[in-house]
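Worksheet for the structure shown next.
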Amino acid sequence: MTDTVTPAALHAALREGGELALLDLREQGVFGRSHILLATNLPLSRLELRLRDLVPRPATPVVLCDGGEEVGGEGLAERAAAVLAAAGYADVRILEGGVAAWGAAGFELFSGINVPSKAFGEVIEQRHDTPNIGAEELKAKLDAGADLVILDSRPFEEYRAMNIPGGIDAPGAELVYRIRDLAPDPETLVVVNCAGRTRSIIGAQSLINAGVPNPVVALRNGTMGWHLAGFELERGAGRRFAPVGGDARSWARAAAAQVGDRFGVKWIDPEDLRAWQAEAEDRTLYLLDVRDPEEYAAGHLPGSLSAPGGQLVQATDRWIAVRAARIVLIDDSAVRATMTASWLNQMGFPGVAVLAEGLEGWELETGPGGAEVPELAAAKVETLAPEALRSGEDEAFVVDLGNSLAYRAGHIPGAAWAIRARLAEVEDTFGSRSKLVFTSEDGRLAKLAAAEFAACWPKRSLAALEGGTAAWAAAGLPLVPGRETALHPEEDVYHRPYDRDSGVEAAMQAYLDWEVALAEQIERDGTLSFPEFPG
């Protein structure tokens, strides 16, 4: 039986600041309603796929939590403990009573996701009085033909979904690196935006910290503020930054070096990194490549993960689950890594360093990266090619375990959608169907589910779609939109305001109000603080 820890003992451990991973096993949508501030959301449904990236050292102290008395939230931690034990994680405890007991003990509970990063953005705006511009004023300037450039600090796919008209995609860590190309005239007004507030604030303040000669402002409340002001958003735009020029690169390196000095950025050389890698069994080590994902895929340091710098600051808990770990940031220019490190230092991460000389002298690997998943190799299940499933010869029933928003946008005709961790609850809905084919985004989750339930459902034949729904689409086979066969509530993802079918404007305003209020709630919680730097 797995050991437990009380809410009071966990709160004390979080305040002490030693190595610790607090993992919340509930689905993201449930987690987003109420959770512990420093918990990393790692749903049981996807546990094996992300565990080793988030907690790379098996000896790390790990605390697992679920909803406790929350309906549908109990039992997840115990199930996860068995998975961790089989994977070799030896120092695992379960939070007594889960999130419900934490709240009952008088400790703070937070809504939303990526809360530490969101609160940090608000703190930075307050500390630095980051200048901003409202949607109405920006619209007037655009209509008047003012000399300005709008830089969208989000990843390209977010930008393509909706952006301020005329904006150029320049994700957060790219801003200082490319600004002299994007706004070569120092008189040009630079407006930085995101969907809401955090990346606008951090992006604008990055440029200001770097000493950009241009006037710089954050677009107050981002695309949501623009929408709430009644203005149209552009959709499907493709404007992106060009390859960085030599003069821009030289300026950016000098500017980033000054920022690094101001905020105490540390550097390690390749020999230091190899020493840290040799100690990785005793101290957790993250290698995070902060370049654009396309650059990472073309060649990266073995063992590193793609963590674009702007997104890393925006959602640190997406990559870093272990408190007090060592974090090495990697970049081929030093600029993006240094700027990202400056922000992580201000967020209070104690072990951040930038790899000197970047990728020079290293043997690189290509592809998506990420830790190996031994459970996939051990999953001996039948796989079905998309063409074979399409032929319908065996009349298999398809169960989609992927992202519910993706299912809603387009899924295999006739497929039902379900949550892997809750499949046992809905077996009766499959009736007398003897063969089930699981699918997911890339097929990996489907394969794990087929292996898991083969022993539980001996009267059924279970298979996984080879390559998942992506392979089906790549084969030119049809996808249909809708959610007509959803076997669970869409709780696997935290719905952003623009993911909703109705009440979008009210949800946007509520989200913006929530962000502004976070700094005060963080202070009440007492487990996280953001250090200040002089200057």
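Please pick out the residue among S342, S304 that is touching a residue at least 60 places away in the same chain (Cβ under 8 Å) and under 18 Å from the mean Cα position of the chain (by Cα).
One residue alone meets the criteria, S304.
If you take the residues in region 101-116 that are within 17 Å of the chain's Cα centre (by Cα) and among the aliphatic types (A, V, I, L, M), which one is surrounded by the fewest Cβ atoms within 10 Å (Cβ to Cβ)?
I113
Looking at A470, A409, A464, A421, can you tell me which residue is touching a Phe, Trp or Tyr at 6+ places or on another chain (Cβ under 9 Å) and outside the structural domain of R26 (by TED's automatic domain parsing)?
A464
All but one of (1) without any contact (Cβ under 8 Å) to a residue 40 or more places away in the chain; (2) more than 28 Å from S200 (Cβ to Cβ) hold for G361; which doesn't?
(1)
Applying the selection to region 138-155, what residues are within 23 Å of T188 (Cβ to Cβ) and surrounded by 14 or more Cβ atoms within 10 Å (Cβ to Cβ)?
L138, K139, K141, L142, L148, V149, I150, L151, D152, S153, R154
Considering only region 111-196, give the helices (runs of 4 or more DSSP H) lying wholly within it that have at least 1 residues that are of a type in the set (F, W, Y) and in contact with a Lys or Arg (Cβ under 9 Å, 6 or more places away or on another chain).
Where helices (runs of 4 or more DSSP H) fall fully within region 111-196 and carry at least 1 residues being of a type in the set (F, W, Y) and in contact with a Lys or Arg (Cβ under 9 Å, 6 or more places away or on another chain), they are 156-161, 174-182.
Given W251, W226, W276, which one is buried (at least 23 other Cβ atoms within 10 Å of the Cβ) and either in the same structural domain as R127 (by TED's automatic domain parsing) or assigned to a helix (DSSP H, G or I) (or both)?
Just a single option satisfies the conditions, and that option is W226.
Applying the selection to region 307-319, what residues are closer than 12 Å to F349 by Cβ and either surrounded by fewer than 23 Cβ atoms within 10 Å (Cβ to Cβ) or free of Cβ contacts under 8 Å to residues at least 12 places away in the same chain (or both)?
The answer is T316, D317, W319.
If P478 passes every condition in (1) in contact (Cβ under 8 Å) with a residue 60 or more places away in the chain; (2) part of a loop (DSSP other than H, G, I, E, B); (3) over 18 Å from G414 (Cβ atoms) but one, which one does it miss?
Going through the list (1) in contact (Cβ under 8 Å) with a residue 60 or more places away in the chain; (2) part of a loop (DSSP other than H, G, I, E, B); (3) over 18 Å from G414 (Cβ atoms), P478 breaks only (3).
Of the residues in region 4-39, how many are basic (K, R) and farther than 11 Å from T527 by Cβ?
Selection size over region 4-39: 2.
So, L329, is that one assigned to a strand (DSSP E or B) and either surrounded by fewer than 21 Cβ atoms within 10 Å (Cβ to Cβ) or in contact with a Ser or Thr (Cβ under 7 Å, 6 or more places away or on another chain) (or both) or not?
Answer is yes for this residue.
Please go through region 320-349 and pick out each residue that is over 17 Å from V115 (Cα atoms) and of a type in the set (D, E, K, R).
Within region 320-349, R326, D331, D332, R336 qualify.
Taking only region 423-460 into account, find how many residues are over 23 Å from the mean Cα position of the chain (by Cα), basic (K, R) and at pLDDT 90 or above.
Here the count works out to 3.
Residues checked against (1) at pLDDT 95 or above; (2) among the β-branched types (V, I, T):
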{"site": "W276", "(1), (2)": "yes, no"}
{"site": "T284", "(1), (2)": "yes, yes"}
{"site": "A307", "(1), (2)": "yes, no"}
{"site": "A325", "(1), (2)": "yes, no"}
{"site": "S333", "(1), (2)": "no, no"}
{"site": "L344", "(1), (2)": "yes, no"}
{"site": "E365", "(1), (2)": "yes, no"}
{"site": "K380", "(1), (2)": "no, no"}
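How many of the residues making up region 132-162 are over 27 Å from the mean Cα position of the chain (by Cα) and touching a residue at least 60 places away in the same chain (Cβ under 8 Å)?
The total comes to 6.
Out of (1) over 25 Å from the mean Cα position of the chain (by Cα); (2) in the same structural domain as R323 (by TED's automatic domain parsing); (3) assigned to a loop (DSSP other than H, G, I, E, B), what's the single condition that is false for R291?
(1)
Scan region 478-511 for residues that are surrounded by 13 or more Cβ atoms within 10 Å (Cβ to Cβ), farther than 25 Å from L44 by Cβ and either touching a Gly at 6+ places or on another chain (Cβ under 6 Å) or in the same structural domain as P43 (by TED's automatic domain parsing) (or both) and jot them down.
L479 - this is the single residue of region 478-511 that is surrounded by 13 or more Cβ atoms within 10 Å (Cβ to Cβ), farther than 25 Å from L44 by Cβ and either touching a Gly at 6+ places or on another chain (Cβ under 6 Å) or in the same structural domain as P43 (by TED's automatic domain parsing) (or both).
When residues of region 9-37 are filtered for being modelled with pLDDT of 95 or more, surrounded by fewer than 24 Cβ atoms within 10 Å (Cβ to Cβ) and part of a loop (DSSP other than H, G, I, E, B), how many remain?
Of the residues in that region, 5 qualify.
Kindly indicate the residue of region 117-131 that is out of contact with any strand residue (DSSP E or B) (no Cβ under 9 Å at 6 or more places or on another chain), touching a residue at least 60 places away in the same chain (Cβ under 8 Å) and not aliphatic (A, V, I, L, M) and also surrounded by the fewest Cβ atoms within 10 Å (Cβ to Cβ) among those meeting that condition.
This residue is Q126.
Hey, P243 hits all of (1) in a strand (DSSP E or B); (2) free of Cβ contacts under 8 Å to residues at least 40 places away in the same chain but one; which does it fall short on?
Of everything listed in (1) in a strand (DSSP E or B); (2) free of Cβ contacts under 8 Å to residues at least 40 places away in the same chain, P243 misses just condition (1).
Residue check, M339 against (1) within 18 Å of D272 (Cβ to Cβ); (2) touching a Ser or Thr at 6+ places or on another chain (Cβ under 8 Å); (3) assigned to a helix (DSSP H, G or I), all met but one. Which one?
Among (1) within 18 Å of D272 (Cβ to Cβ); (2) touching a Ser or Thr at 6+ places or on another chain (Cβ under 8 Å); (3) assigned to a helix (DSSP H, G or I), the lone unmet condition for M339 is (1).
The values are calculated or read from the model by the stated rules, or taken from the named source; none is laboratory data. Remember, it's a predicted structure, so these values are computed and weren't measured experimentally. No Cβ is skipped: glycine too gets one built from the backbone with ideal geometry, and neighbour counts run over all protein chains shown.
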